[in-house]
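Structure record follows, encoded as structure tokens.
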Amino acid sequence: MKNYFVDVISDGICMGNAVVLNLEQKNSTIRKSVAEEKNKLGNAIMNSLDELNSISKNKNEEFIEVHKMLLTDAALKDELFKEIEYNGKSAYEATVCVFDRYIKGFKESKSSYLKERYLDFLDIKERVLRNIFDNKIDYSNFHNVILVVEELLPSLLVDFKDVKGVICKNGGFTSHAGILCRSLDIPCVVLKDYDIHTNDEIIIDTRRQIVDVNPSLDVINHYQEILGKIKAENFINSPHPGYRFMCNITDNSELDKCLEYGFDGVGLYRTEWIFMNSDRPLSEEEQYNIYLEAVTKMNKLPICFRTFDVGDDKQLEYLHVDSKGVRNYMNNPTLFESQIKALLRANIYGNMKIMFPMIETKEQFYFLRNWVYRLKEEMANDKQIEIGMMLETKMALDNIGDFGNVDFISLGTNDLTKEVYNISRSDNISYKEYLDDLLKRLKPVVDFCKQMDISLSVCGELASIREATKGLMNIGINNFSVSAPNIKTLYLAFNDKLKEEKC
Ligand code: PEP
Ligand code: MG
């Protein structure tokens, strides 16, 4: 546990794991023939340009254009080649020598603006050298990264996809990377001396001007809380016309946040957690009290209860389950009935929705819905209630046309992606690997729901990823449900989409 006092380039609070980058390249003075060295350098420049072109397809950062201009500058190329041809240097040495000359010139400039521009040359130098050595690292799978670097180079922010914060030894307020950090809302600080290693847990808090290295669990919990609040508070009650932002919860204690953060209702109440928190089956009365408290607290805002979804990693001590989701209801009718009755009784405002998990066939869905209707009739309950399903099995996805008569559909992307792409939920697979394909598969579902006037939402974790949510919005989904702290993602994706539409 260590604390450092820092200078601030970009404000904010973040938490993540250190990735310490040493920009020193291994020295290489072994020189082959002039032609070979020129060829090596020429190829490295071409590959660097290719990299920048592929980045600029996705990102529109101004510095990329500047770097491309410099790399295609004939005079600069000439200088580099002359070092090989007339001064006996290798491709590596020529690159270091020419770029360092420019870097020195800019660093010595009187103008603070020009002073900072040396970073452009440093950045290109590093990129060309990486290409000379062909030792590029694929950073795209690193998550929650706190970059720890000598110099803050804009390209690093682009190479890493999930940078939460930056600690650099040298950096300036007006540097491209500083500007980029501020526009990306990434905290960035300057720290001259430190003892930080890759994978260390890091907290950056620019309000207190500190960096915490491997903080205690209490401190981590405290910051998790703060981060949740900050994320949400910035966006509380911002208008989002045409969209519904709902909250995922597992028990009533989360309802305060749901209301505080300005959600439009509860989109997914994972009721199995109520059962899992008990070592015996809860009675109808006990359940009723819990559901009633939730309904009352939400004060007429819509609230969607998912009937208990046990199985796999969610097991009940007192219940034998050998499959996941709906099949358990046929095997445990008493528990299912107690839940449905308790829910129906708690539906005092008629704003309740019930949905069934892991539905595979229309027969399953209609069987369960009729079961609910029968109980409702027996109870002489006349309150309005919507009954829908989670779309989270491949079989249901492939047969979406069978479900034209459901009240609503909620996409469970966690299980759906697991089934469609045959991956385990604990695998560390990036959503990027399947997002485009998934969006293609989901578009017919969106069209079908529009055609049949069925409300469609997403309640899986994909809606907590800005880029994925924007993709889902782009195919026409406008109803999302996420855990409370992730409300920020929804607003960010919503703003991205608005910006795109204005362009
Ligand atoms: C899902 O599968 O996407 C989902 C929301 O359900 P759970 O994560 O509870 O299985
Ligand atoms: Mg699921």
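The values are calculated or read from the model by the stated rules, or taken from the named source; none is laboratory data. All values derive from a computational prediction rather than experimental measurement. Don't worry about glycine lacking a Cβ; one is built from the backbone with ideal geometry, like all the others, and counts go over all protein chains shown.
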Do you know which of the residues in the stretch 474-490 that are part of a helix (DSSP H, G or I) and surrounded by fewer than 21 Cβ atoms within 10 Å (Cβ to Cβ) is farthest from ligand 1 (Cβ to nearest atom)? N474
If we scan the stretch 281-288, do we find a residue that is at pLDDT 95 or above and under 23 Å from T469 (Cα atoms)? no
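Here's a check for you: in the stretch 101-131, which residue that is assigned to a helix (DSSP H, G or I) and of a type in the set (S, T, Y) is modelled with the highest pLDDT?
Just the residues of the stretch 101-131 that are assigned to a helix (DSSP H, G or I), to begin with: 101-107, 112-116, 118-131.
Restricting the remaining residues to those that are of a type in the set (S, T, Y) gives 102, 112-113, 118.
On the way: Y102: 87, S112: 65, Y113: 68, Y118: 79.
That would be Y102.
If I filter the stretch 431-448 for residues that are over 24 Å from I465 (Cα atoms) and either within 15 Å of ligand 2 (Cβ to nearest atom) or assigned to a helix (DSSP H, G or I) (or both), do I get at least one hit?
yes
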Mind telling me which of the residues N422, N399 ends up being surrounded by fewer than 16 Cβ atoms within 10 Å (Cβ to Cβ) and within 16 Å of ligand 1 (Cβ to nearest atom)? N422
Selection count where residues are touching a strand residue (DSSP E or B) at 6+ places or on another chain (Cβ under 6 Å), farther than 19 Å from L184 by Cβ and modelled with pLDDT of 85 or more, scope the stretch 19-52: 1
Please state which one of D453, D407 is out of contact with any strand residue (DSSP E or B) (no Cβ under 9 Å at 6 or more places or on another chain) and away from ligand 2 (no atom under 16 Å from the Cβ). D453
Any residue in the stretch 411-422 that is in a strand (DSSP E or B) sitting within a Cβ distance under 8 Å of a residue that is among the hydrophobic types (A, V, I, L, M, F, W, C) and more than 6 Å from ligand 1 (Cβ to nearest atom)? List the pairs, counting only those 6 or more apart or interchain. L411/M390; L411/L391; L411/L442; L411/V445; L411/L456; L411/V458; L411/I477
Of all residues in the stretch 425-473 being under 21 Å from D402 (Cβ atoms) and polar (S, T, N, Q), the one that is nearest to ligand 1 (Cβ to nearest atom): S457
Of the criteria (1) under 34 Å from the mean Cα position of the chain (by Cα); (2) closer than 28 Å to I454 by Cα, which one G311 fails: (2)
Inspect all residues belonging to the stretch 327-339 and state whether any of them is more than 28 Å from the chain's Cα centre (by Cα), in contact (Cβ under 8 Å) with a residue 40 or more places away in the chain and not in a helix (DSSP H, G or I). no
Take the conditions over 18 Å from F263 (Cα atoms), out of contact with any His (no Cβ under 6 Å at 6 or more places or on another chain) and at pLDDT 90 or above and apply them to K470. Does it pass? yes
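To keep it simple, each residue is scored yes or no on (1) in a helix (DSSP H, G or I); (2) exposed (fewer than 15 other Cβ atoms within 10 Å of the Cβ); (3) without any contact (Cβ under 8 Å) to a residue 40 or more places away in the chain.
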| site | (1), (2), (3) |
| --- | --- |
| E65 | yes, yes, yes |
| D78 | yes, yes, yes |
| A94 | yes, no, no |
| F99 | yes, no, yes |
Keeping to the stretch 296-348, report how many residues are of a type in the set (A, V, I, L, M), away from ligand 1 (no atom under 16 Å from the Cβ) and modelled with pLDDT under 90. 2
Listed by first then second residue, the pairs whose first member lies in the stretch 354-373 and is aromatic (F, W, Y), whose partner is modelled with pLDDT of 95 or more, with beta carbons under 6 Å and at least 6 positions apart or on separate chains, are F356/T307; F356/L368; F356/M389; F365/I359; F365/M389
E360 meets each of (1) crowded, with 22+ Cβ neighbours inside 10 Å; (2) of a type outside the set (S, T, N, Q); (3) within 16 Å of ligand 1 (Cβ to nearest atom) with one exception, condition (1)
